1. Could you check VAL50 against (1) surrounded by fewer than 17 Cβ atoms within 10 Å (Cβ to Cβ); (2) in a helix (DSSP H, G or I); (3) at pLDDT 80 or above and say which number it fails?
2. Determine which member of the set LYS86, LYS95 is surrounded by 12 or more Cβ atoms within 10 Å (Cβ to Cβ), of a type outside the set (Val, Ile, Thr) and either touching a His at 6+ places or on another chain (Cβ under 7 Å) or over 30 Å from ALA26 (Cβ atoms) (or both).
3. Here are some conditions: (1) without any contact (Cβ under 8 Å) to a residue 40 or more places away in the chain; (2) surrounded by 20 or more Cβ atoms within 10 Å (Cβ to Cβ). ILE41 meets all but one. Which one does it not meet?
4. Just need a number here: residues in region 70-106 that are acidic (Asp, Glu) and in contact with a helix residue (DSSP H, G or I) (Cβ under 7 Å, 6 or more places away or on another chain).
5. For PHE33, indicate whether it is part of a loop (DSSP other than H, G, I, E, B), more than 14 Å from MET75 (Cα to Cα), out of contact with any Cys (no Cβ under 6 Å at 6 or more places or on another chain) and not β-branched (Val, Ile, Thr).
6. Among the residues of region 86-112, which ones are under 24 Å from PRO66 (Cβ atoms) and without any contact (Cβ under 8 Å) to a residue 40 or more places away in the chain?
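The values are calculated or read from the model by the stated rules, or taken from the named source; none is laboratory data. Every value quoted in this text rests on a predicted model; they were computed, and no experiment measured them. Note that we place each Cβ from the backbone using ideal geometry, even for glycine, and neighbour counts take in every protein chain shown.
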Amino acid sequence: MMNSVCINPSNTMSASPVNDFPGLYATAETGVFWDKEECEITDDLNAAQVLKNMRKALLGGGHRGPVTFNAYGDMTGRDFESTDIKLNHFPAGEKNARHTKMLEDIVAWAAE
């Protein structure tokens with residue numbers, strides 16, 4: 001079982017993006033595939049804060065299962081190496097390559 005959710009990683013005060021994770025979904029493995037270029041974070045947040053915000057949003061929706069995080073985009077100048085986010089660096093403007101990699105990773109993750 002897998003879940004699909006859209007989370008704003010910068011927003012710490014918003015409600016959960018989902019009403020709840022019913023039944024088996026509450027403990028199902030969830031993959032977060034974050035297009036950093038399409039869903040940017042503010043410069044005042046570091047990677048640890050972003051990860052905390054994403055986990056908080058999922059917990060707020062009732063999710064208690066394992067989560068894997070994948071980020072796609074230009075990672076230049078970001079401190080993401082110190083977090084539990086799998087990084088996929090793409091220079092600015094590489095939208096097609098970035099989206100292709102995301103789709104490949106989603107399919108591979110779902111197959112597991």
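1. (1) is the only condition that VAL50 fails.
2. None of the others qualify; the one that does is LYS95.
3. The one condition ILE41 does not meet is (2).
4. The total comes to 2.
5. The answer is no for PHE33.
6. LYS86, LEU87, ASN88, LYS101, LEU103, GLU104, VAL107, ALA108, ALA111, GLU112
One line per residue, one yes/no per condition, for (1) at pLDDT 90 or above; (2) exposed (fewer than 15 other Cβ atoms within 10 Å of the Cβ); (3) under 17 Å from GLU38 (Cα atoms):
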{"position": "PRO66", "(1), (2), (3)": "yes, yes, no"}
{"position": "PHE69", "(1), (2), (3)": "yes, no, yes"}
{"position": "ARG78", "(1), (2), (3)": "no, no, yes"}
{"position": "HIS99", "(1), (2), (3)": "yes, no, yes"}
